[in-house]
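One structure is given below, encoded as structure tokens.
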Amino acid sequence: MTDVAPEAGLRAGLEAILLVVDEPVAERTLAQVLERPVPEIAAALRALSAEYTAAGRGFDLREVAGGWRFYTRAEHAALVERFVRDGQQARLTQAALETLAVVAYRQPVSRARVAAIRGVNSDGVMRTLVARGLVEEAGTDSESQALLYRTTSYFLERMGLRELEELPELAPFLPDDVENLEEQKQ
């Protein structure tokens with residue numbers, strides 16, 4: 001074994017693991033793999049994140065969706081996007097964004113309820129969101145037996161959120177007579 005300080009060894013171990021993950025990893029999981037207490041892992045992760053920020057690195061270590069993962073810094077987004085996309089578009093359509101918003105704010109929600117809110121059939125869009133891993137089945141409605149849907153941890157990760165409660169409030173974006181609009185649609 002090398003003469004590496006325990007703190008440096010822990011940081012190097014965390015970096016090695018986080019470099020190969022494709023989704024956020026929970027502190028508890030990292031603690032088990034590295035055989036260290038969770039508070040020690042949490043402190044090391046926060047220290048690494050602060051160190052990367054202070055050094056002005058092109059990447060960041062962030063806590064999202066219940067775990068930790070490396071991300072590129074926002075100021076390099078255009079460069080990274082150009083490299084990754086190489087001319088390909090992989091964005092969601094307006095219909096998919098609307099449907100995703102309904103699911104995010106009304107979950108768990110049925111396809112019929114999404115269609116009622118949007119005013120159009122959303123079955124195809126919902127299948128696309130499920131296929132992309134942004135939405136998943138969340139059981140069935142006890143009265144109608146309709147499948148219910150909710151957002152996934154991948155959705156949280158892509159949105160840069162730790163939990164759904166971090167979604168912005170909708171009230172500032174709604175018309176003053178939203179109650180009347182909701183009643184007219186039903």
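The values are calculated or read from the model by the stated rules, or taken from the named source; none is laboratory data. Owing to the predicted nature of the structure, the values given are computational and were not obtained by experimental measurement. Because the Cβ atoms are built from the backbone with ideal geometry, glycine has one as well, and the counts that use them run over all protein chains shown. Calculation scope for accessible area: heavy atoms of the full protein, side chains included, ligands and nucleic acids excluded. Shrake-Rupley method; radii C 1.70, N 1.55, O 1.52, S 1.80 Å.
Being in contact with a Gly (Cβ under 8 Å, 6 or more places away or on another chain), part of a loop (DSSP other than H, G, I, E, B) and either open to solvent by less than 60 Å² (accessible area, probe 1.4 Å) or not basic (Lys, Arg) (or both) is the filter here; which residues of segment 141-162 pass it?
Passing the criteria: only Thr152.
Just to be sure, is Gly67 open to solvent by less than 40 Å² (accessible area, probe 1.4 Å), touching a helix residue (DSSP H, G or I) at 6+ places or on another chain (Cβ under 9 Å), in contact (Cβ under 8 Å) with a residue 24 or more places away in the chain and not hydrophobic (A, V, I, L, M, F, W, C)?
On the way: open to solvent by less than 40 Å² (accessible area, probe 1.4 Å): yes; touching a helix residue (DSSP H, G or I) at 6+ places or on another chain (Cβ under 9 Å): yes; in contact (Cβ under 8 Å) with a residue 24 or more places away in the chain: yes; not hydrophobic (A, V, I, L, M, F, W, C): yes.
Taking the combined requirement at face value, the residue satisfies it.
Only one of Ala116, Ala138 is surrounded by 14 or more Cβ atoms within 10 Å (Cβ to Cβ), touching a residue at least 12 places away in the same chain (Cβ under 8 Å) and part of a helix (DSSP H, G or I); which? Walk me through how you get there before you give the answer.
Working: Ala138 fails: part of a helix (DSSP H, G or I).
Unique residue meeting the criteria: Ala116.
Restricting to segment 96-113, count the residues that are part of a helix (DSSP H, G or I), crowded, with 19+ Cβ neighbours inside 10 Å and more than 17 Å from the chain's Cα centre (by Cα).
2
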